[in-house]
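> Mind looking over this structure? Questions follow.
The values are calculated or read from the model by the stated rules, or taken from the named source; none is laboratory data. Just so it is clear, the model here is predicted, and its values are computed rather than measured. Using ideal geometry, Cβ is built from the backbone for each residue, glycine included, and neighbour counts are taken over all protein chains shown.
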């Protein structure tokens, strides 16, 4: 009887041991430890997190440099208009924004000096006929030994001086806008016209009737809107990124529409504030732009083909860049579970929402699905110790 009891006790102990081992094994399976680079989600959690998989794209991509600047006009397309000899304004009819053509009268200026110049010119011209005849007469007499060389020299000197005076007065008349070849005793005027030296639009008007002006006073600013260009400012460290022929996209007045330009010239010196100027010709038609308008621009360097992913695919953690890739599917407690592995990567050039990526050598980018949407949700799950994990 005692032996039977001992046998029963041994059998019962073995059964309890087996049961305990089974429970321990089951508990161990329930608390499976995941590798530190793995996060897992079930189908419901994947749907909630909106996880999407995609592939690497090979795209042409280049360096984009964001800079600021302004619309500018060529020097020959801008004019500051003044009265060459000053005077009193007696007529002006233009306002800022008025369109003018080259040679159009902008204002009339009155000055008694205009009368003096015309008088001196006409008097000198009337004398030149007598002086010319006297010069040739003295020259003939000298050749016939009928007069002294002194008389010829004096006449020659007076004749040449008078010719010089006439030439000088002609230039003064041309400067103030009077044609000396059309001037005569009947059309002497006390007013001259201030005319537009170029065609374009009046930018500023500093003239009013009765105002006395000096030759240094600018009465009108004119700008021609043809062949406008962009003047951009970049920092010294970015000089090597810009060269002649590069394409530019620019925006004005916070508009969403992009305009095109091309770099045609760069400055040859650094400004005192350590910035550098570049100049670009506008390629597309742009309406309602004026010199001085603020510009946001993007300069694109020479493109190259590269492996790229959307910017939202890449996550940053502790100063490094990562992506998530699909690892495997498995069944746990009757549910389908997906594992995703975090992979360190290096970033290259970014452009238009895509970034060049350099992958680890052991990652087969052609066969593995890459998480292109929901990557930050996976990172958050991993950082929070798997709150969303199974």
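> Looking at segment 89-106, which of its residues are assigned to a strand (DSSP E or B) and buried (at least 16 other Cβ atoms within 10 Å of the Cβ)?
Here is the first cut: in segment 89-106, the ones assigned to a strand (DSSP E or B) are 89-92, 99-100, 105-106.
Within segment 89-106, 89, 92, 100, 105, 106 meet the criteria.
> Looking only at residues that are surrounded by 18 or more Cβ atoms within 10 Å (Cβ to Cβ) and within 60 Å of the chain's Cα centre (by Cα) in segment 111-156, which one is farthest from residue 181 (Cα to Cα)?
Restricting to residues being surrounded by 18 or more Cβ atoms within 10 Å (Cβ to Cβ) and within 60 Å of the chain's Cα centre (by Cα), the top hit is 111.
> Identify, please: which residue in segment 74-84 is in a loop (DSSP other than H, G, I, E, B) and at pLDDT 90 or above and is, among those, farthest from the chain's Cα centre (by Cα)? Outline the logic, then answer.
Step one: list which residues in segment 74-84 are in a loop (DSSP other than H, G, I, E, B), which gives 74, 82-84.
From the residues that got through so far, the ones that are at pLDDT 90 or above too are 82-83.
Details: 82: 33, 83: 37 Å.
Once the filter is applied, the top-ranked residue is 83.
> Follow-up question, since we're still on this one. If we keep just the residues of segment 34-69 that are part of a strand (DSSP E or B) and touching a helix residue (DSSP H, G or I) at 6+ places or on another chain (Cβ under 6 Å), which is nearest to residue 301 (Cα to Cα)?
This residue is 65.
> With exposed (fewer than 15 other Cβ atoms within 10 Å of the Cβ), at negative phi and under 18 Å from the mean Cα position of the chain (by Cα) as the only criterion, which of 294, 276 stands out? First the steps, then the outcome.
Working: 276 fails: exposed (fewer than 15 other Cβ atoms within 10 Å of the Cβ).
Being exposed (fewer than 15 other Cβ atoms within 10 Å of the Cβ), at negative phi and under 18 Å from the mean Cα position of the chain (by Cα) holds for just one of 294, 276, which is 294.
> Out of (1) outside any helix (DSSP H, G or I); (2) farther than 30 Å from residue 295 by Cα, the odd one out for residue 150 is which?
(1)
> Among (1) touching a helix residue (DSSP H, G or I) at 6+ places or on another chain (Cβ under 9 Å); (2) over 28 Å from residue 202 (Cα atoms); (3) at pLDDT 90 or above, which single condition is residue 223 missing?
(2)
> State whether the residues of segment 177-185 include one that is closer than 30 Å to residue 227 by Cβ and either surrounded by 13 or more Cβ atoms within 10 Å (Cβ to Cβ) or out of contact with any helix residue (DSSP H, G or I) (no Cβ under 9 Å at 6 or more places or on another chain) (or both).
Step one: list which residues in segment 177-185 are closer than 30 Å to residue 227 by Cβ, which gives 177.
Cutting the leftovers down to either surrounded by 13 or more Cβ atoms within 10 Å (Cβ to Cβ) or out of contact with any helix residue (DSSP H, G or I) (no Cβ under 9 Å at 6 or more places or on another chain) (or both) gives us 177.
The answer is yes; a qualifying residue exists.
> Starting from residues that are in contact with a strand residue (DSSP E or B) (Cβ under 8 Å, 6 or more places away or on another chain) and free of Cβ contacts under 8 Å to residues at least 12 places away in the same chain, keep the ones in segment 291-328 and report whichever is farthest from residue 39 (Cα to Cα).
Once the filter is applied, the top-ranked residue is 316.
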